[in-house]
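Heads up: the structure comes next, in C-alpha cells.
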Amino acid sequence: MSFNQRQSNRVNVSFPIQISFGSQITLQGYLKDLSLKSAFIHLKNSIYMQLNDELNFHIESPHVDPPANIQGTARISRIAGGEGIAIYFVKMDEQSSKHLEQLVGVM
C-alpha cells in the first residue's frame, strides 16, 4: 500500500525569498517549490542550521497582480546539503495566507 504524505498541491516556482534568524542573520534564497503548508528553498549561503530551527520568511510574489507579500514564521523540516532547506509554515497573518492560496492556485 502506498501512502502519499503530501496532502496539498505543490507548484514549481523560481523567485526570491528572504529568510532571517532573529535580527542577526538574513539570507537570500530562491523558492523551488511551494504548497500551502511548506516550501523548499535553494540557498547558496551555508550557515549552521538544525531541524526545527525557527526562522522568519518574506516572499514577494511577482506572479500575481499587484505583487503580493507573503511573510511569517516557519520551521526547518529538512536540510539538503548543498541544495537548501525545506520549511513548513508555522504562522502567517491572514493577508499573507490569502496571497499564498492565490499564488498556489494560480500557478
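The values are calculated or read from the model by the stated rules, or taken from the named source; none is laboratory data. Because the structure is a prediction, the values reported are computed rather than measured. Cβ sites come from the backbone with ideal geometry, for glycine too, and all protein chains shown count toward neighbours.
What the table below lists for this structure:
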item	result
Any pair with Cβ under 9 angstrom, 6 or more apart, that starts in region 12-37 at a residue that is under 19 Å from Asp93 (Cα atoms) and of a type in the set (D, E, K, R) and ends at one that is surrounded by fewer than 17 Cβ atoms within 10 Å (Cβ to Cβ) and modelled with pLDDT of 90 or more	Lys37/Tyr88
Residue within region 90-99 that is closer than 18 Å to Val11 by Cβ, exposed (fewer than 13 other Cβ atoms within 10 Å of the Cβ), of a type outside the set (Asp, Glu) and in contact (Cβ under 8 Å) with a residue 24 or more places away in the chain present	no
Selection status of Gln50, more than 20 Å from Asn9 (Cα to Cα), within 14 Å of the chain's Cα centre (by Cα) and exposed (fewer than 13 other Cβ atoms within 10 Å of the Cβ)	no
Counted residues, region 77-106 - those being over 12 Å from the mean Cα position of the chain (by Cα) and on the phi > 0 side of the Ramachandran plot	1
Of all residues making up region 74-107, the number that are farther than 19 Å from Gln28 by Cα and among the β-branched types (Val, Ile, Thr)	3
In region 60-88, the residues that are farther than 15 Å from Ser20 by Cβ and crowded, with 17+ Cβ neighbours inside 10 Å	Ser61, Ala68, Gly84, Ala86
